[in-house]
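Q: Handing you a structure now.
The values are calculated or read from the model by the stated rules, or taken from the named source; none is laboratory data. Remember, predicted model here, so these are calculated numbers, not experimental data. Virtual Cβ from ideal backbone geometry, glycine too; neighbours counted across all protein chains shown.
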């Protein structure tokens, strides 16, 4: 197992201020107040310098996923494996590494074309997290097991078999669960864990998506914090993509909101933590124990 966690996301936004208002005002994330020559804004969840980088862009969507490695050696071996697999890999400059708060990184893409930034040596920020909405903390670590990452994300991968082989054989993730949702002929979603107890840090959906990501997830420590976020979202006029519900495979009790520009954000509590020494990969045919009634703009209007 090579990769430690899904460390950060770079998100392109046609309206950076609106995204920051959503991130701080609805999700309760902290503005990192980092200077950036390119006009990016940064959102913190913990002692990492940022977890979400919101960058000015003509179109909205996911720009890159930062995958964290535990050491320079593990990172270097993975970079070599990526090159040997035939995927292009470009070493990041010292200036760009500093912008990301990492010691070193390299950019590549998976077989579906999703951009990845492989990095090691995150430079932590020990300024206490102060959520503007009073959120006491986000679930990014667990006891003494180390970093759980920012949460998880689901990436589009029309050729899911090729992408799956890349993430397991090259990046070093492990399969957790395969979902064939009932009533959705031909849809397949595979969930992958990194070297931490979170049930999945990344998942693959066997279809395209115009924003380059199906959804992202952030997790809080109590059910009350989910309820408070729902109240804030309603007051802000955010679109609820899905009502409150609980997933079967990772036990997450969550609601789905649309961020400005259309990226779906799952805001959840009580995600399952797994002992990978004893876990056996499962196959699911239902996504939810209850709830999660979806409302897609333009389809349910």
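Q: Of the residues 242, 264, which is buried (at least 19 other Cβ atoms within 10 Å of the Cβ) and over 17 Å from the mean Cα position of the chain (by Cα)?
A: Working: 264 fails: over 17 Å from the mean Cα position of the chain (by Cα).
Step by step, each of 242, 264 is checked, and only 242 is buried (at least 19 other Cβ atoms within 10 Å of the Cβ) and over 17 Å from the mean Cα position of the chain (by Cα).
Q: Return yes when residue 180 is within 20 Å of residue 288 (Cα to Cα), touching a residue at least 24 places away in the same chain (Cβ under 8 Å) and surrounded by 14 or more Cβ atoms within 10 Å (Cβ to Cβ) and no when it is not. Quick ask: steps written out before the conclusion?
A: Details: within 20 Å of residue 288 (Cα to Cα): yes; touching a residue at least 24 places away in the same chain (Cβ under 8 Å): yes; surrounded by 14 or more Cβ atoms within 10 Å (Cβ to Cβ): yes.
Taking the combined requirement at face value, the residue satisfies it.
Q: Within segment 285-301, which residues are modelled with pLDDT of 95 or more and not in a loop (DSSP other than H, G, I, E, B)?
A: 288, 289, 290, 291
Q: Answer with yes or no whether residue 271 is crowded, with 21+ Cβ neighbours inside 10 Å, at pLDDT 95 or above and in a loop (DSSP other than H, G, I, E, B).
A: Values: crowded, with 21+ Cβ neighbours inside 10 Å: yes; at pLDDT 95 or above: yes; in a loop (DSSP other than H, G, I, E, B): yes.
Yes.
Q: Checking residue 267 against (1) more than 20 Å from residue 216 (Cα to Cα); (2) touching a helix residue (DSSP H, G or I) at 6+ places or on another chain (Cβ under 8 Å), which single condition isn't satisfied?
A: All conditions are met except number (1).
So that you can scan it fast, the table gives a plain yes or no per residue for (1) under 19 Å from the mean Cα position of the chain (by Cα); (2) surrounded by 14 or more Cβ atoms within 10 Å (Cβ to Cβ); (3) modelled with pLDDT under 95:
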{"site": "65", "(1), (2), (3)": "yes, yes, no"}
{"site": "84", "(1), (2), (3)": "no, no, no"}
{"site": "103", "(1), (2), (3)": "no, yes, no"}
{"site": "107", "(1), (2), (3)": "yes, yes, no"}
{"site": "116", "(1), (2), (3)": "yes, yes, no"}
{"site": "130", "(1), (2), (3)": "no, no, no"}
{"site": "134", "(1), (2), (3)": "no, no, no"}
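Q: Out of the residues in segment 39-53 meeting the condition of being part of a loop (DSSP other than H, G, I, E, B) and without any contact (Cβ under 8 Å) to a residue 60 or more places away in the chain, tell me which one is farthest from residue 125 (Cα to Cα).
A: The residue in question is 39.
Q: Return the residues of segment 141-163 that are crowded, with 21+ Cβ neighbours inside 10 Å and either under 14 Å from residue 192 (Cβ atoms) or modelled with pLDDT of 95 or more (or both); say none if nothing qualifies.
A: So in segment 141-163, the residues crowded, with 21+ Cβ neighbours inside 10 Å come out as 147-157, 163.
Hits for segment 141-163 are 148, 149, 150, 151, 152, 153, 154, 155, 156, 157, 163.
Q: For segment 71-90, enumerate the residues that are part of a loop (DSSP other than H, G, I, E, B), out of contact with any strand residue (DSSP E or B) (no Cβ under 8 Å at 6 or more places or on another chain) and touching a residue at least 60 places away in the same chain (Cβ under 8 Å). It would help to see each step written out before you state the result.
A: First, pick out the residues of segment 71-90 that are part of a loop (DSSP other than H, G, I, E, B): 71, 86-88.
Next, only the ones that are out of contact with any strand residue (DSSP E or B) (no Cβ under 8 Å at 6 or more places or on another chain) stay: 86.
Passing the criteria: none in range.
Q: Do you know which of the residues in segment 216-226 that are in a helix (DSSP H, G or I) and in contact (Cβ under 8 Å) with a residue 24 or more places away in the chain is surrounded by the fewest Cβ atoms within 10 Å (Cβ to Cβ)?
A: Just the residues of segment 216-226 that are in a helix (DSSP H, G or I), to begin with: 223-226.
Adding the requirement that they be in contact (Cβ under 8 Å) with a residue 24 or more places away in the chain leaves 223, 225-226.
On the way: 223: 13, 225: 22, 226: 19.
So, considering only residues that are in a helix (DSSP H, G or I) and in contact (Cβ under 8 Å) with a residue 24 or more places away in the chain, the one surrounded by the fewest Cβ atoms within 10 Å (Cβ to Cβ) is 223.
Q: Counting only residues that are in contact (Cβ under 8 Å) with a residue 40 or more places away in the chain, in contact with a strand residue (DSSP E or B) (Cβ under 7 Å, 6 or more places away or on another chain) and farther than 17 Å from residue 30 by Cα, how many does segment 227-241 have?
A: Going through segment 227-241 one residue at a time, the tally reaches 4.
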